[in-house]
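A short write-up of the structure that comes next.
The numbers here are math on the coordinates, done by the rules we state, and not lab data. What you are looking at is a predicted structure, and each value in this text was computed from that prediction instead of being measured. When we count neighbours, we look across all protein chains shown, and the Cβ atoms used for this are built from the backbone with ideal geometry, even at glycine.
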Amino acid sequence: MDLSLWQYQFRIIMLGDSTVGKSSLLKRYTEDVFLESINQTVGVDFYVHFLEVEPGVRIKLQFWDTAGQERFRSVTRSYYRNSVGGLLVFDLGNRASFEHVQDWHAEVRERVQPHTVLFVLVGHKSDREADGERVVGREEAERLAGQLGAPYVEASSKTGQSVAEAFELLTRRVYQGLRSGEVQMREGWDGIKCSAPRAMQLRPSQQATPSKENKSCAC
Ligand SMILES: Nc1nc2c(ncn2[C@@H]2O[C@H](COP(=O)(O)OP(=O)(O)OP(=O)(O)O)[C@@H](O)[C@H]2O)c(=O)[nH]1
Ligand SMILES: [Mg+2]
């Protein structure tokens, strides 16, 4: 498979308190590994992954893995504006990380104006439930997700449970948002980019009748 072929690039930002497992989620999703001992993120790290959202439509996902620690906030904030998707992560065994989700959400929403960011809420480290370490219930997490207008997924990077589901849900949500006009490509904003020539290589039928989203490509 030629990974250089993609039609859309989505920039996705990882959000949540330090130690909730943002980097671990990305490592599991992009490399299928889990590390008990993993370095704290310093500033922002960068990951890439490709996903086919429907036959012939390949998305390049560019992930910005932000440091949850407050001392890096001035650096991480500068990445909010050019994101189209956000994975809001909390630890099911850490009440404070759940209570801070609304702050992360509000801060990103405020800074990304006038653009739109679509979110998925992730209750992470679901494997800890087996050890009686869950302190956030599914119902209250679903309630919060409802208030934020985001789907909710419980996942574990340790076991791999629902990790791909969380990322794919967010990617499909952005893709649907793009098709429906909920999110739009704009000059001077890097949340979404497109690669029209490659789209034509992948879907020759679109050369004759370009789809709505290809027509609006700025590239
Ligand atoms: N039990 C369990 N532990 C996890 C899971 N995911 C991550 N961890 C552990 O949680 C700790 C923190 O994980 P990180 O991925 O570094 O957390 P982070 O959110 O990236 O932290 P910052 O970079 O400081 O913002 C590490 O010790 C991981 O091994 C999981 O699904 N289950
Ligand atoms: Mg990290």
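Under a 5 Å amide H cut-off, with hydrogens placed 1.01 Å from N, Gly86 pairs with Ile13, Leu118, Phe119, Val120 among residues at least 5 apart or on other chains. Take the chain and mark each of the GluC sites (Glu not before Pro) that is in a DSSP loop with at most 12 other Cβ atoms within 10 Å; the longest unmarked stretch, sites excluded, is 37-181.
For the pair the stretch 142-200 and the stretch 21-63, the centres of their Cα atoms are 13 angstrom apart.
Each label was represented as a point 7 Å from its Cα along the Cα-to-Cβ direction; for Asp45 and Glu187 these points are 3.8 nm apart.
How many percent of DSSP beta bridges within the chain run antiparallel, rounded to 5? Taking every DSSP beta bridge with both residues in the chain, the antiparallel ones total about 35 percent. Once C-alpha pairs closer than 8 Å and six or more residues apart are averaged by separation and normalised to the residue number of the chain, the relative contact order reads 24 percent. Debye-formula intensities of the stretch 1-64, expressed as log10 I(q)/I(0) at q = 0.17, 0.23, 0.24 Å⁻¹, are -0.66, -1.00, -1.05 (one equal scatterer per alpha-carbon, no solvent).
Relative to the longest principal axis of the Cα atoms of the chain, the long axis of helix 163-180 makes an angle of roughly 40 degrees. Could you check how many percent of all C-alpha pairs in the stretch 33-152 are farther apart than 19 Å? Looking at the stretch 33-152, the distances longer than 19 Å represent 56 percent of pairs.
Given Cα pairs under 8 Å that are at least 6 residues apart, what percent is the relative contact order of the stretch 1-69?
Values: 109 pairs, mean separation 31.8, N = 69.
Averaging sequence separation for qualifying contacts and normalising by length gives 46 percent for the stretch 1-69.
For the stretch 115-124, backbone phi angles converted through the Karplus equation (6.51, -1.76, 1.60; θ = phi - 60°) give residue-by-residue couplings of 8, 10, 10, 9, 10, 10, 9, 10, x, 9 Hz, Gly and Pro being listed as x.
Roughly how compact is the stretch 8-215, stated as its Cα Rg over 2.2 N^0.38 Å to two decimals?
Numbers: Rg = 17.2 Å, N = 208, 2.2 N^0.38 = 16.7 Å.
The reported ratio for this selection is 1.03.
With no solvent and one equal point scatterer per Cα, compute the Debye intensity ratio I(q)/I(0) for the stretch 153-199 at 0.21 Å⁻¹ and report its log10, rounded to two decimals. Those come out to -0.80, one per q.
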